[in-house]
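Where a number appears in this text, it was derived from the coordinates with a stated rule and is not lab data. The structure displayed is predicted, hence computed values, not measured ones. Counting neighbours? That spans all protein chains shown, and the Cβs are built from the backbone with ideal geometry, glycine included.
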Amino acid sequence: MGSFLNAMLVGVVLLNLFALGTSRIRALIHAAALQGVLLGVMAEAVHEHASIHSLSVAVATILLKGALLPHILLRALRDAQIKREIEPLIGFMPSILLGSLGAALSIAIATKLPMAPGQRETLIIPAAFSTIFTGFLLLTTRIKAITQVIGYLFLENGIFIFGLLLAEAVPFLVEIGVLLDLFVVVFVASIILHHINRQFDSLDTRKLSSLKD
């Protein structure tokens with residue numbers, strides 16, 4: 001099971017690098033959706049024995065992160081009629097290099113942290129740090145508001161991966177509460193995206209500076 005879990009975590013890190021290197025927003029949303037599916041599978045894989053609790057969390061994660069939230073974002077993207085992130089504050093190739101550096105540093109940091117013997121052989125902490133860093137880069141270096149919302153999704157995915165370390169201890173209602181909080185945030189963000197696009201005919205957040213009291 002450890003090798004299967006690590007293979008999925010490597011897939012998460014590769015999706016991070018893909019997200020940092022693509023200018024196509026639709027592809028970025030699909031990457032976030034695929035990452036959400038992987039997280040759902042991992043939520044079940046970290047448990048030694050399957051239970052209704054673990055299966056419920058896994059299914060809820062896949063439905064929310066892999067289907068519902070991407071659907072909301074794709075609808076917002078269609079309404080905004082945009083396809084690409086054209087002028088990021090940091091270029092796509094430098095972003096990939098920064099993401100790779102972040103992944104390497106995450107591995108180095110993970111070796112210094114105290115962990116349970118069974119957890120030390122997994123890539124949970126490096127993948128979590130790498131995903132959080134990817135979300136931070138998308139939030140701070142992209143111009144389009146919808147891309148920044150996707151950055152928040154990646155950031156939350158990293159936090160979710162951290163939570164896998166406590167999968168046996170965190171109560172079911174807390175896990176579902178986190179997922180519902182994420183849904184509310186993205187739902188509200190989609191409404192904000194609609195109003196920004198209607199007001200400015202663009203999702204470029206730099207135009208928000210034109211607002212006056």
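Key figures for this structure:
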quantity	calculated
Any helices (runs of 4 or more DSSP H) falling wholly within the range 11-92 and containing at least 1 residues that are charged (D, E, K, R) and out of contact with any helix residue (DSSP H, G or I) (no Cβ under 6 Å at 6 or more places or on another chain)	25-45, 69-80
Of residues in the range 63-88 being among the aliphatic types (A, V, I, L, M) and more than 20 Å from the chain's Cα centre (by Cα), the one nearest to L123 (Cα to Cα)	I86
Residue within the range 55-62 that is on the phi < 0 side of the Ramachandran plot, surrounded by 13 or more Cβ atoms within 10 Å (Cβ to Cβ) and over 18 Å from the mean Cα position of the chain (by Cα) present	yes
Options L113, L98, L74: the member that is farther than 17 Å from T140 by Cα, touching a residue at least 12 places away in the same chain (Cβ under 8 Å) and either surrounded by 13 or more Cβ atoms within 10 Å (Cβ to Cβ) or among the basic types (K, R) (or both)	L74
Pairs where the first residue, in the range 33-47, is surrounded by fewer than 22 Cβ atoms within 10 Å (Cβ to Cβ) and the second is of a type in the set (D, E, K, R) and part of a loop (DSSP other than H, G, I, E, B), C-beta under 8 Å, 6+ apart	H47/E168
